[in-house]
Every structure is written in C-alpha cells, then in structure tokens.
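For reference, the structure is listed below as structure tokens.
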2 protein chains.
Amino acid sequence: MSASAKTGTVYGVGLGPGDLELLSVKADRLVRGARHVAFFRKAGRTGQSRRIAAPLLAEGAIEFAMEYPVTTEIPLSDPRYNEILSAFYADCAAHLRALAEAGHDVVVLCEGDPFFYGSFMHMYTRLKDVVPVDVVPAITGMSGAWTATGMPITWGDDVLSVLMGTLPKDVLATQMASADAIVVMKIGRNIDKVRAALRTAGKFDAAWLIEYATMPNQTVQKLSDAGDKVTPYFSIIVVHGQGRRP
Amino acid sequence: MSASAKTGTVYGVGLGPGDLELLSVKADRLVRGARHVAFFRKAGRTGQSRRIAAPLLAEGAIEFAMEYPVTTEIPLSDPRYNEILSAFYADCAAHLRALAEAGHDVVVLCEGDPFFYGSFMHMYTRLKDVVPVDVVPAITGMSGAWTATGMPITWGDDVLSVLMGTLPKDVLATQMASADAIVVMKIGRNIDKVRAALRTAGKFDAAWLIEYATMPNQTVQKLSDAGDKVTPYFSIIVVHGQGRRP
C-alpha cells in the first residue's frame, strides 16, 4: 500500500430480488459508479447477481468473479466441504482486501439482502476488522415473492417462519405446523421433501410457488398446480398468514 | 367519473426502514412525482411514513392524512375495536377509490414493506378488485435493524422466526425457544413481556435492541444494556442465528 493511497471501502451491495427498479437509490448509485465489482458464481455460469446488475455496470468496470470450487459434489457433512470452502473464502477476501488497501473501492454484488442468508457474510466476517466495509441492505427475495402473489404475507400477530429447504423433513414439518405464515427458500432438489413436510403440517394446499420473483420470467402458482418439473434453487414457497384484519 | 378520464392507479409504495437512500429506485420516482399522496397516522402526529417521505414530496402535492380513530384506548378483544377500525378503513378506501376513478394516481406512503404487517394491506384488500392497485415492495424495517447491528441475521440452515410483541408471553417464549434467529416487532409497551419471554427461552443475553434503524437517531445496543426506559413502538429486537459458516 502506498503511503499516500487512502484505503478503499468494500461495499456489500444488496441488489434485491432481481428487478432493477427495486434496487435502492444507494445501491443503484454504487453499482453504476463502480470501477471494481466482485460477485460469487458457480463455475461456468454468469452468476445471478452479475446478471441482475449487468445493465448498470460502467464500461471498463473491472470484474472479479469469485467462482465456487464445490457446489453439490461433496456432502455438507464431509469435513472437506468446510475446508475447501473456507480456503476459497479466504482467497476471495485476500483479493478484496488487496484492492481496498491499494486505494480502490470495490462493490460486491449480492442478490437479495446481504445479511440474510447471503454469501457476502463470509467476506464480511473476514474483512470487517481489516478494511472499511459498508453493507447496503436490500429488498429480500421473499418480499419480491410474496408481493408477486398479490396477497399480504402477514397480518396482526401472525408468526412468520423462514425455513431452508435443506433442513430435515421432520424439522421442516414441525416448524411449519407451529407458524402462521411460512417462507421456504433453497428449494431446488429439496422440493419433494418440502412438499412432504407441508403435507405433514397440513399446509400443502395453502402453499404458493414463486419462480424468478420480479423478473421477466416470473411465475406464480399454487404449489399443488406446479406438477413435478424441476424447480430452480432460487424459487420460493410461501404460505400466507391469516391473522386479524378489521 | 368522466367518460374520458382514464382510471388512476393506487400505488402502495414501501418506503423501507427510514433512510431515504434505501428507497427503491421505483419508490423514489413515484414519491417525487406524486400529485396525490396518502398516509396513515395517529391523530395529532406527523406520521412516520409522512416524515420519511417529506424531503421528496413535490411542491403542491395534495395530501390525504388517514388518521386512526382508535389506537390503544379500546382493547383488541372488544368487538367495537374491529367495528370502528373497519368503518375507518372503508372510508379511507372510498376516498382513494374516488381519486382513482376521477383519473388521479395516488401514492400511499407505507413505512417498511407494504405486504409485511403493513396498514396498506387494509386498503389493498378493499381496492384490488375495483381500481388498479400496484404494490411496490421495500426493504423491511427488520433488514434495516439487523444490518445496523453489524452482524448477519441468518447463516446456513438457520430458522428465522418473526414475532410480534403483542403475542402472549408463553407463545413468544415457545416460538423463541424453537428458532435459531429471532426478530421481534411491535414492542413499545410490550417490552417487559418480551424480555421475560426471551429469558424463559434462554435468549435474553443474545438479544439486541435497535431503535430508529437507518435513521439519524438510530441506536443499537444489547437488550441487557438498555435499562428500563420506554422503547418506541417501531423499535426492533433481534437475536442472530449461529448456523453453519465455513
């Protein structure tokens, strides 16, 4: 780091559910003005956050694609999974840190809200005590999804539970039974388990499936109408609360 | 309605947690361009959504303040509560409908996200089949709050439960005990009950209290440090999840 360079800031910028009009004013300004952008993606893919932000990126913006070394080949329970992922995050954080220490601001593009099940959290914990980090909250994917259904998600005293499709079936069913309103994320290959849990909890018929919320290819349907086709990982299931409403 | 006038649209525009930079690009444009705005407030108050939007309102914008006829004087369990509130909502909806049928677009200013425990839902259900209604999702108050703590709210498979402080203590405690991450809203005079429920669930020491998230007077502190002072209704308590993190 040169003695004269001011340390840059690493911005974790939430992009929201996908519609560019739903970026915050702050996120819109940061993304358009970014000279350095970074984003996570699966190897060989464009990346969801990169795709959302594409129309806003300045010409000549320098991109740092952080490509996941593992996805589903190694089970979560295998200790190698954590080791490989941890080393990957450390490498990415070192690169972002080096950019900031060289005086560059870096905008990390994050789908959804960065502190809500987001990948940026793994950069945040590694960088927050080392370089300036600013987290810009965003509209969550689930807000995009429940708005797309045209029905409010929660009324009065409704209890909302947010559940990951990666949880065991019995945990899902128990949580679903004790909540008024439900959001299920990380669905993808967990769809059959999620369906079974909703049935056990008596809430299958009230569930809606939203794919690509707020995006041009958005679909909204009752889960019971969705058939057996493959569901994208980023799809969301909601069950609306039925609480007090004068 | 004149034969030539095109029916206007009633926009339910989420303003987010309070910082104007966190309005969506769409909300910012709609609020700045609005000739008619409407908002809920307690009688005699400015109103939270009106206060947030004030710097953006166009000169000469026509304001419709929808003033709650009851707040806490009548218990929720009293049938008069529902009757009075229902008549109030019907009056407000009739006014918004008349504006739209006269060809005017109306922007209803909503703090937070309109479909997430929001007052606009009571207009939405009364208007959606009668005039065009467009709901603009927003950053939730809870996203503003957890971002303010500087700690991610959920990791990996964490279960997040969103609870209202108006719930009975035993319901709160049971829900708190079975969740990994917790958000409590509608606190105000329920603060002592919420504290007691957190203690019963063994989560009091992990709880944070956020007042006025994202606003200039924001405060963030451990709940255990907050003492016994009165807490605003719009304050939020969060307990962060501790799930998987490579």
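Some notes on this structure:
- Subset tally (residues that are over 30 Å from B:ARG195 (Cα atoms) and more than 8 Å from every other protein chain (Cβ to nearest Cβ)) for region B:137-172: 0
- There is at least one residue in region A:218-232 that is surrounded by 14 or more Cβ atoms within 10 Å (Cβ to Cβ), over 19 Å from the mean Cα position of the chain (by Cα) and either among the aromatic types (Phe, Trp, Tyr) or assigned to a helix (DSSP H, G or I) (or both).
- Some residue of region A:121-133 being of a type in the set (A, V, I, L, M, F, W, C), touching a Gly at 6+ places or on another chain (Cβ under 9 Å), at pLDDT 95 or above and closer than 25 Å to A:PRO216 by Cα: no
- From the list B:LEU198, B:LEU209, B:LEU163, the lone residue that is outside the structural domain of B:LEU20 (by TED's automatic domain parsing), under 22 Å from A:ALA173 (Cβ atoms) and hydrophobic (A, V, I, L, M, F, W, C) is B:LEU163.
- The residues of region B:95-127 that are more than 7 Å from every other protein chain (Cβ to nearest Cβ) and either of a type in the set (Lys, Arg) or under 12 Å from the mean Cα position of the chain (by Cα) (or both), listed by number, are B:ARG97, B:LEU109, B:CYS110, B:GLU111, B:GLY112, B:PRO114, B:GLY118, B:SER119, B:PHE120, B:ARG126.
- Test: residue in region A:185-196 that is modelled with pLDDT of 95 or more, within 30 Å of B:TYR89 (Cβ to Cβ) and of a type in the set (A, V, I, L, M, F, W, C): no
- Flag for B:GLU73 being within 11 Å of another protein chain (Cβ to nearest Cβ), more than 29 Å from B:LYS6 (Cα to Cα) and without any contact (Cβ under 8 Å) to a residue 40 or more places away in the chain: no
- Among residues of region B:135-179, those that are touching a strand residue (DSSP E or B) at 6+ places or on another chain (Cβ under 7 Å) and of a type in the set (Asp, Glu), counted: 2
- Pairs where the first residue, in region A:206-217, is more than 14 Å from chain B (Cβ to nearest Cβ) and the second is surrounded by fewer than 19 Cβ atoms within 10 Å (Cβ to Cβ), C-beta under 6 Å, 6+ apart: A:LEU209/A:GLN221; A:LEU209/A:ALA226; A:GLU211/A:THR219; A:GLU211/A:PRO232; A:TYR212/A:GLN218
- Looking only at residues of region A:173-189 that are outside any strand (DSSP E or B) and more than 9 Å from chain B (Cβ to nearest Cβ), we find that the one that is farthest from the chain's Cα centre (by Cα) is A:ALA177.
- Residue check, B:ARG45 in the same structural domain as B:PHE120 (by TED's automatic domain parsing), farther than 18 Å from B:ILE139 by Cα and at pLDDT below 95: yes
- Unmet requirement for B:PRO114, which otherwise passes all of (1) outside the structural domain of B:SER235 (by TED's automatic domain parsing); (2) surrounded by fewer than 24 Cβ atoms within 10 Å (Cβ to Cβ); (3) part of a loop (DSSP other than H, G, I, E, B): (2)
- Against the numbered list (1) over 23 Å from B:GLN175 (Cβ atoms); (2) in a loop (DSSP other than H, G, I, E, B); (3) more than 13 Å from every other protein chain (Cβ to nearest Cβ), A:ASP192 comes up short only at (2).
- Filter result for B:GLY156 (modelled with pLDDT of 95 or more and either of a type outside the set (A, V, I, L, M) or in the same structural domain as B:GLY202 (by TED's automatic domain parsing) (or both)): no
- Region A:170-198 residues that are surrounded by fewer than 20 Cβ atoms within 10 Å (Cβ to Cβ), paired with ones that are among the small types (Gly, Ala, Ser) and assigned to a strand (DSSP E or B) (beta carbon under 8 Å, 6 or more apart): A:SER178/A:SER161
- Residue that is nearest to B:ARG97 (Cα to Cα) [pool: residues in region B:1-46 that are under 18 Å from the mean Cα position of the chain (by Cα) and without any contact (Cβ under 8 Å) to a residue 60 or more places away in the chain]: B:ARG41
- Some residue of region B:77-92 being under 21 Å from B:TYR212 (Cα atoms) and outside any loop (DSSP other than H, G, I, E, B): no
- Qualifying residue in region B:210-217 (condition: more than 16 Å from the chain's Cα centre (by Cα) and buried (at least 17 other Cβ atoms within 10 Å of the Cβ)): no
- Sole exception among (1) in a strand (DSSP E or B); (2) out of contact with any Ser or Thr (no Cβ under 7 Å at 6 or more places or on another chain) for A:ASP28, by number: (1)
- Residue match in region B:98-107 (condition: free of Cβ contacts under 8 Å to residues at least 40 places away in the same chain, part of a loop (DSSP other than H, G, I, E, B) and not charged (D, E, K, R)): no
- Scope region A:144-169; condition of a type in the set (Gly, Ala, Ser) and buried (at least 21 other Cβ atoms within 10 Å of the Cβ); matching residues: A:GLY144, A:ALA145, A:ALA148, A:SER161, A:GLY165
- Annotation note: of A:ALA100, A:ALA53, A:ALA58, the sole residue that is among the aliphatic types (A, V, I, L, M) and closer than 23 Å to A:ALA148 by Cα is A:ALA53.
The values are calculated or read from the model by the stated rules, or taken from the named source; none is laboratory data. Remember, predicted model here, so these are calculated numbers, not experimental data. Cβ sites come from the backbone with ideal geometry, for glycine too, and all protein chains shown count toward neighbours.
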